[in-house]
1. Give, rounded to the nearest 20 debye, the magnitude of the charge dipole that the chain has about its Cα centre when Lys and Arg contribute +1 at Cβ and Asp and Glu contribute -1 at Cβ.
2. Counting only protein heavy atoms, what percent of the accessible surface of the chain is carbon or sulfur at a 1.4 Å probe?
3. Put 68, 37, 14 in order of accessible area, largest first, 1.4 Å probe: what do you get?
4. Quick one: accessible surface of residue 22, probe radius 1.4 Å, all protein chains present, in square angstrom to the nearest 10.
5. Just need the relative contact order of the chain here, percent rounded to a whole number, with Cα pairs under 8 Å and 6+ apart.
6. Using only Cα atoms and rounding to the nearest 10 degrees, what angle (0 to 90) does helix 35-73 make with the longest principal axis of the chain?
7. Taking θ as phi - 60°, what are the ³J(HN,Hα) couplings along segment 2-13 by the Karplus curve (6.51, -1.76, 1.60), each to the nearest whole Hz, with x for Gly and Pro?
8. How much accessible area per residue does the chain have, counting only protein heavy atoms and a probe of 1.4 Å, in square angstrom?
Amino acid sequence: MDAETALKNDLKEFERTVAKLSTGINGCGVGWKDEQFKDLSANIANLAKLSKQVIVSGKEYEAAIRRFRRIEGER
């Protein structure tokens, strides 16, 4: 497996994991509306925002790998 494919697969897995965590936390909180749950929800929302930044950076890196491969193939 080349680096680009490995990175793409890792990013997809990371995205699925964060989404699963968020869904799980929200599912558990159906009956909870206390301060601790609000704090946990806020932290999960922050994690989701930060994970989006990781995914965007990863996709930019993927594109850089593709450009490098293309330039390398022109020799």
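1. On the way: 14 positive and 12 negative charges, 51 e Å.
With only Lys, Arg, Asp and Glu charged at Cβ, the dipole is about 240 debye.
2. Numbers: 3380 of 5900 Å².
Roughly 57 percent, rounded to a whole number.
3. On the way: 68 115, 37 20, 14 75 Å².
Output order, biggest surface exposure first: 68, 14, 37.
4. The accessible area comes out at roughly 30 Å².
5. It rounds to 51 percent for the chain.
6. It works out to around 10 degrees.
7. Computed from phi, the couplings for segment 2-13 are 7, 4, 5, 5, 4, 4, 4, 5, 5, 5, 4, 5 Hz.
8. That works out to 79 Å² per residue.
The values are calculated or read from the model by the stated rules, or taken from the named source; none is laboratory data. Here the structure is a predicted model, which means the values were calculated and not measured. Ideal geometry is used to build each Cβ from the backbone, glycine not excepted, and the neighbour counts take in all protein chains shown. For accessibility, only protein heavy atoms count, side chains too; no ligands or nucleic acids. Shrake-Rupley method; radii C 1.70, N 1.55, O 1.52, S 1.80 Å.
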